[in-house]
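Everything below concerns the one structure shown next.
The values are calculated or read from the model by the stated rules, or taken from the named source; none is laboratory data. What you see is a predicted model, and the numbers here were worked out from it, not measured in a lab. Cβ atoms come from the backbone with ideal geometry, glycine included; neighbour counts cover every protein chain shown. Side chains are part of the model used for accessible areas, which takes the heavy atoms of the whole protein and leaves out ligands, DNA and RNA. Shrake-Rupley method; radii C 1.70, N 1.55, O 1.52, S 1.80 Å.
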Amino acid sequence: MAAGKVLVSIRARVITAVMVLTGLALLLSGVVIYLQGSAGTTNRVEADLARTADEVAVLAAGNDPATGKPFTSAEALLRTALQRIVLPDSEGAFAVVGDRIRWTAQPGVVLRPETDAELVAAVLPLSQLPTVSQGQLTTATGDYRYVVVPVRFGPPGDSGALVRVADMNAERSVLQAVYLTYALVALGSLLLVAMLIWLFVGRLLRPLSWMRETAERITDTDISQRIPVRGRDDLSALATTVNHMLDRLEASLAGQRELLDDVGHELRTPLTVVRGHLELMDAADPDDVAGTRALVLDELERMRRLVDDLLTLAKADQPDFVQPRPTDIARLTDETLAKASTLGERHWMLDDLADAEVELDPQRIAQALLQLAANAVQFSEPGSQVGMGSRLRDGELTLWVRDQGIGIAPQDQERILGRRITGRRGSGTGLGLSIVTSIAEAHGGRLVVESAPGQGSRFSIVIPAPPATARAEEE
């Protein structure tokens, strides 16, 4: 349940983040466009008002429609100009003759600036100026842009002005209606995006649901469950990686169970033998006591070797398991063969020597070779040939031990290299090849087996030996 809540929380956080970013983008776009639109509206209104002076000048240069002759008075010119001017709903006009309003716009005009006393009081003095006046005024009634175009004729006192006014609140209301529609569309878009993101993120996070369900089905004794993999995205790659990890864990746990079963068997056998002989021993018979003592000591020694081998395997994963240093491979091979020759009555042979110096841990490599030699002695007949050698070729160092023993069946060759007790039981613990494999892998190498039943075996430790760390073998 907690995992499900976490999954929902992830979806909610993704949707919230997308919504916030999308909302901010829409808001920023709306604000920028609104400011540009508002500035454009103001510029358009001021340009329209500025053209009023040109229209009056053009009209003054013509004839009075009433007489067919040039205009002779400011009153006639202003009356005609006011009749001809085309005013939108957000604009109004009136004509001033002398010091009072003489003409107003036609009744169908919506804006009536002559009714705003503050506006009239502000523009009447401007009608007496000799030049066109244009400005802005905010009153209790509205926010205005205006232009005052003065008119002068010959007789003294024959003057007036055409006043044209634009209500900026009305202009902005049109713009605000447009952006209210934009806001509604943006809100609808956000809701649509949220729905689509909810569905998309749900599909995107579905592998996480499968991971959670798979994890819930995994128990202490069963990790065979795997996550379904569909698609080729990053989450599918993650599911594949987790499945590979589960494969490794399952193999590791299976190996551990086999190891524990076999080690338990190996430990129970000597304990049973020791207990049985001690229970049956006749304490009054010196020969029986001596024989039992020798048998008990032998079984305890076998148990000690098993424990030592387990400790070695436990240390194999630690960083300091091997401590490489420049090592003379020819000398190492020769000295190890001399030590191995004491393991049994065999015809010991030196097959080859690598005249090279390689970075490796000589003690661990000698331990591995001696373990292979011990196995060769254990599974071969007295007097048979056992060979040891080393060779450096193509950037790889190979050290091997071969015998003429019973050999290994093909189906058993891979199994015996695992970290478990093998079927080749005798005086050893059965963990020897696992130790050799660990030493080889700690050097970045591998253990290779070549064998056939009745024809003997050859075990080779192959270790990378780059030219920078190895002296080339002289042919």
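Quote to one decimal, in nm, the extra length available between R293 and D222 on full extension: 0.36 nm per residue of separation minus the C-alpha distance between them.
Result: 21.0 nm gained on full extension.
Would you mind working out the magnitude of the charge dipole of region 332-399 relative to its Cα centre, with +1 at each Lys and Arg C-beta and -1 at each Asp and Glu C-beta, to the nearest 20 Debye?
So the dipole magnitude of region 332-399 works out to roughly 280 debye.
Would you mind calculating the gained length between R248 and R212 on full extension (0.36 nm times residue separation, minus the Cα-Cα distance), in nm to one decimal?
This chain segment gains 11.1 nm when fully extended.
Ignoring ligands, DNA and RNA, what percent of the accessible area of the chain is carbon or sulfur (1.4 Å)?
Of the solvent-accessible surface of the chain, carbon and sulfur hold 58 percent.
For a distance above 17 Å, tell me the whole-number percent of Cα pairs in region 168-230 that qualify.
Tail of P(r) above 17 Å: 65 percent of Cα pairs.
Run the simple label-point estimate for R84 and L278 please: 7 Å along Cα→C-beta, distance reported in nm.
13.3
For L350 paired with N169, estimate the spin-label separation in nm (one decimal), with each label point 7 Å from Cα along the Cα-to-Cβ line.
11.3
Under the 0.36 nm per residue contour assumption, what length would be gained going from the current alpha-carbon distance of Q411 and F200 to full extension?
Here the segment from Q411 to F200 would lengthen by 70.9 nm.
Taking 8 Å as the Cα distance limit and 6 or more residues as the minimum spacing, I'd like the relative contact order of region 237-356 as a percentage.
Contact order relative to length: 17 percent.
Enumerate the whole-percent occupancy of each 10 Å bin, from 0 to the last occupied one, for all C-alpha pair distances of region 275-323.
24, 29, 19, 15, 11, 2
With a 1.4 Å probe and all protein chains in place, put M211, M349, M245, M168 in order of accessible area, largest first.
Per-residue accessible area, sorted high to low, gives M245, M349, M211, M168.
Find the centroid of the Cα atoms in region 84-99 and in region 57-79, then give the distance between the two in whole Å.
With region 84-99 and region 57-79 each reduced to a Cα centre, they are spaced 17 Å.
At 1.4 Å probe size, what's the solvent-accessible area of H277? Round to the nearest 10 Å².
For H277, solvent-accessible area is about 80 Å².
If you count only protein heavy atoms with a 1.4 Å probe, what accessible area per residue comes out for the chain, rounded to a whole Å²?
56
Could you check the spin-label model distance between D308 and V185? Points 7 Å from the Cα along Cα→Cβ, value in nm.
Distance between the two pseudo-spin positions: 8.7 nm.
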